[in-house]
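Notes follow the structure.
The values are calculated or read from the model by the stated rules, or taken from the named source; none is laboratory data. Keep in mind it's a predicted model, so treat the numbers as computed, not measured. No Cβ is skipped: glycine too gets one built from the backbone with ideal geometry, and neighbour counts run over all protein chains shown.
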Amino acid sequence: MFSGSYVALVTPFSNGKLDEAALRRIVNWQLEKGTHGLVPVGTTGESPTLSEAEHKRVVEIVVEEANGRVPVIAGAGSNNPVEALAYARHAKDLGADAILCVAGYYNRPNQDGLYAHFEYIAQGVDIPMVIYNIPPRAIVDIEPETMAKLAALPNVVGVKDATGDIARISLERMALGDDFAYLSGEDMTAVAYNVSGGDGCISVTANVAPSRCSAMQTACLNGDYKEAMRIHDELAPLHAVMFSEPSPAGVKYAASLLGLCSEETRLPVMPLSAASKAAIKNLEHLLG
């Protein structure tokens, strides 16, 4: 079971190329700061604009640097299930602990199509799978009944819920029970999600505020929601500004302030505006 503060890792670039040294630095810094798990090549990792070789290399580096100290849930998402399965098999071969598989975006499958997409991947590789439900990006929504069907597959072990619907976890828990990893994919509602039975968060903000995110999630796991809300209230302005412009421009700029990597993103994500940079600068005391 996966729980606590997981970070949706950025993919650092330098002059248009993968910055391997920065990625290794980021992984080790995250672990020093108390992050409970690592999630490379997801949305925040700019997976749509990575080449196949870059995608695989990022997972390889993260697994290598983590070296079993924390779980690695490797992104293996694609709207093409054949490609997703290839990434999943590669992650398993490298020693990743699980894979994160997103719904079939752009194709707009119905619920039967969504089930078949994930079933194809699950039957093709023996590795724990976390289902990534993010309707704002994928357009399609995995309904609770479909999630319950997916949970019956032996290696489907959890969900990253980025629906923005705080009622969703209650509906899923009624259908699935508690023997499932319920992970929020939205920083602003992560504590509320945990109060409703969640186990943790795959966080964007944890890229640049890992200590606070880890402490907040640990407080939730200990049932200390008063302390969790205290930390949440500190972080809420940072959560908000991270998404003032298309992600990961905000979080990469914040990471650059920490000396972790450059602020470079890939098109069509644009560099952060001066106004957003100033807003993040004003919150620099929350970073680290």
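Taken over the stretch 12-41, the residue count meeting the criterion of being touching a strand residue (DSSP E or B) at 6+ places or on another chain (Cβ under 7 Å), under 21 Å from residue 53 (Cβ atoms), part of a loop (DSSP other than H, G, I, E, B) and of a type outside the set (Asp, Glu) is 2. Among the residues of the stretch 252-288, the one identified as in a helix (DSSP H, G or I), touching a Pro at 6+ places or on another chain (Cβ under 9 Å), of a type in the set (A, V, I, L, M, F, W, C) and under 22 Å from residue 23 (Cβ atoms) is 255.
Checking 66, 96 one by one, the residue that is crowded, with 24+ Cβ neighbours inside 10 Å, over 14 Å from the mean Cα position of the chain (by Cα) and not charged (D, E, K, R) is 96 and no other. For the stretch 128-139, a residue qualifies if it is surrounded by fewer than 21 Cβ atoms within 10 Å (Cβ to Cβ) and in contact with a Lys or Arg (Cβ under 9 Å, 6 or more places away or on another chain), and exactly one does: 139. Residues that are more than 20 Å from residue 267 (Cα to Cα), among the β-branched types (Val, Ile, Thr) and out of contact with any helix residue (DSSP H, G or I) (no Cβ under 6 Å at 6 or more places or on another chain) within the stretch 1-54 comprise 26, 39, listed in sequence order. Quick one: count up the residues across the stretch 156-179 that are in a loop (DSSP other than H, G, I, E, B) and more than 19 Å from the chain's Cα centre (by Cα). Residues flagged as in a loop (DSSP other than H, G, I, E, B) and more than 19 Å from the chain's Cα centre (by Cα) within the stretch 156-179 amount to 4.
Within the stretch 183-211, the set of residues being part of a loop (DSSP other than H, G, I, E, B), hydroxyl-bearing (Ser, Thr, Tyr) and within 12 Å of residue 5 (Cβ to Cβ) is empty. Within the stretch 14-65, the set of residues being without any contact (Cβ under 8 Å) to a residue 60 or more places away in the chain, over 21 Å from residue 200 (Cα atoms) and of a type in the set (D, E, K, R) comprises 17, 20, 24, 52, 54, 56, 57, 60, 64, 65.
Would you confirm, using the coordinates I've provided, whether residue 235 is in a loop (DSSP other than H, G, I, E, B), surrounded by 16 or more Cβ atoms within 10 Å (Cβ to Cβ) and at negative phi? Against the criterion (in a loop (DSSP other than H, G, I, E, B), surrounded by 16 or more Cβ atoms within 10 Å (Cβ to Cβ) and at negative phi), residue 235 does not qualify. For residue 115, are the conditions met, namely being out of contact with any Asp or Glu (no Cβ under 6 Å at 6 or more places or on another chain), at pLDDT below 95 and either under 16 Å from residue 20 (Cβ atoms) or of a type in the set (Ser, Thr, Tyr) (or both)? It is false that residue 115 is out of contact with any Asp or Glu (no Cβ under 6 Å at 6 or more places or on another chain), at pLDDT below 95 and either under 16 Å from residue 20 (Cβ atoms) or of a type in the set (Ser, Thr, Tyr) (or both). None of 104, 42 is at negative phi, modelled with pLDDT of 95 or more and small (Gly, Ala, Ser) except 42.
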